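The values are calculated or read from the model by the stated rules, or taken from the named source; none is laboratory data. Not measured: the values here are computed from a predicted model. As a convention, Cβ positions derive from the backbone with ideal geometry for all residues, glycine included, and neighbour counts pool all protein chains shown. Just the protein is used for accessible areas: all its heavy atoms, side chains included, with ligands, DNA and RNA removed. Shrake-Rupley method; radii C 1.70, N 1.55, O 1.52, S 1.80 Å.
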Amino acid sequence: MKTLFILFTTLVFLSGCATHQSPTGRNQVLLFSSQELEQMGTSSFAQIKKQEKISQDAAINRYVDCVANRITAVLPNSGSPWDVVVFESEQVNAFALPGGHIGVYSGLLNVAENQHQLATVIGHEVAHVLAKHSNEQVSRAQLSGIGMQIADAALGAGGISNKELYMAALGLGAQVGFILPYGREQESEADIMGVELMARAGFDTSQSIALWQNMAKHGGDQGPELLSTHPSHGHRIDDLTKMQQQVMPLYQASKHEVKNSCQFTK
């Protein structure tokens, strides 16, 4: 009992010392360094590439690369090119991981009908990384795991222990059988940041609304928003509509500077 009390006290102390502010001013508890998160992201991405079928369709790969590269080019300290992989799957999904990795499932292209709508999704996923949401999720998993075997968060020279836990916390629950999804605050934050990224990259921000309208048609009835960790499609569309006045000038200013239009015909 004494040991548990000391452990709990230590974790509370750590959480207090590791409090940061997100890009929108929200408090975050971040227990891991950027280097540790990049290691987790790179390890998880390597595992997914072994598990999933990678698309060999040259046209689709060029198209997704084009959109993703325009998004990542406007990031602060963009540095090395991101690793972009298209997975052949009916999943309507995409993700981004610390360490500079983007995965897009080919099924998303049935819902994201043009380059601007695809940029909405990729911008949103990259925003999760930019806002350190992965670190926040893994930190929460670590703090909530007292007394549970999955709470062992050691980073060893030979790899990461509890890799499946961290893949789930990094937003990859569908690949490992259980889910630690991003919360509504994180999702809304990624929407705000993502639509600004796509505007700076020269993508039409009004298409972000059309994308989520398509998602609503595809996903059907979500049920009440309070029963979900994600904002409802309607809430998301309302928020993005309100943001258009703010981000449209960014799009108007940048669209003329874009030299490579990303086109794909099915």
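Conditions (1) of a type outside the set (A, V, I, L, M, F, W, C); (2) loosely packed, with under 11 Cβ neighbours inside 10 Å; (3) modelled with pLDDT of 75 or more, marked per residue:
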residue: 11; (1), (2), (3): no, no, no
residue: 29; (1), (2), (3): no, no, no
residue: 37; (1), (2), (3): no, no, yes
residue: 52; (1), (2), (3): yes, no, yes
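Looking across region 128-156 at every residue that is surrounded by fewer than 24 Cβ atoms within 10 Å (Cβ to Cβ) and among the hydroxyl-bearing types (Ser, Thr, Tyr), the one that is modelled with the highest pLDDT is identified as 139.
Just a yes or no: is a residue in region 72-94 within 19 Å of residue 261 (Cα to Cα) and polar (S, T, N, Q)? Among the residues of region 72-94, at least one is within 19 Å of residue 261 (Cα to Cα) and polar (S, T, N, Q), which makes the answer yes. Within region 110-128, residues that are within 11 Å of residue 203 (Cβ to Cβ) reach partners that are of a type in the set (D, E, K, R) with beta carbons closer than 6 Å, at six or more positions or on different chains, in the pairs 116/204. Screening region 162-206 for residues that are assigned to a loop (DSSP other than H, G, I, E, B) and among the aliphatic types (A, V, I, L, M) and picking the one that is modelled with the lowest pLDDT gives 179.
Pairing residues of region 41-62 that are closer than 17 Å to residue 82 by Cα and of a type in the set (Lys, Arg) with residues that are at pLDDT below 90 and open to solvent by 40 Å² or more (accessible area, probe 1.4 Å), at Cβ distances under 9 Å and at least 6 apart in sequence or on separate chains, gives 62/264.
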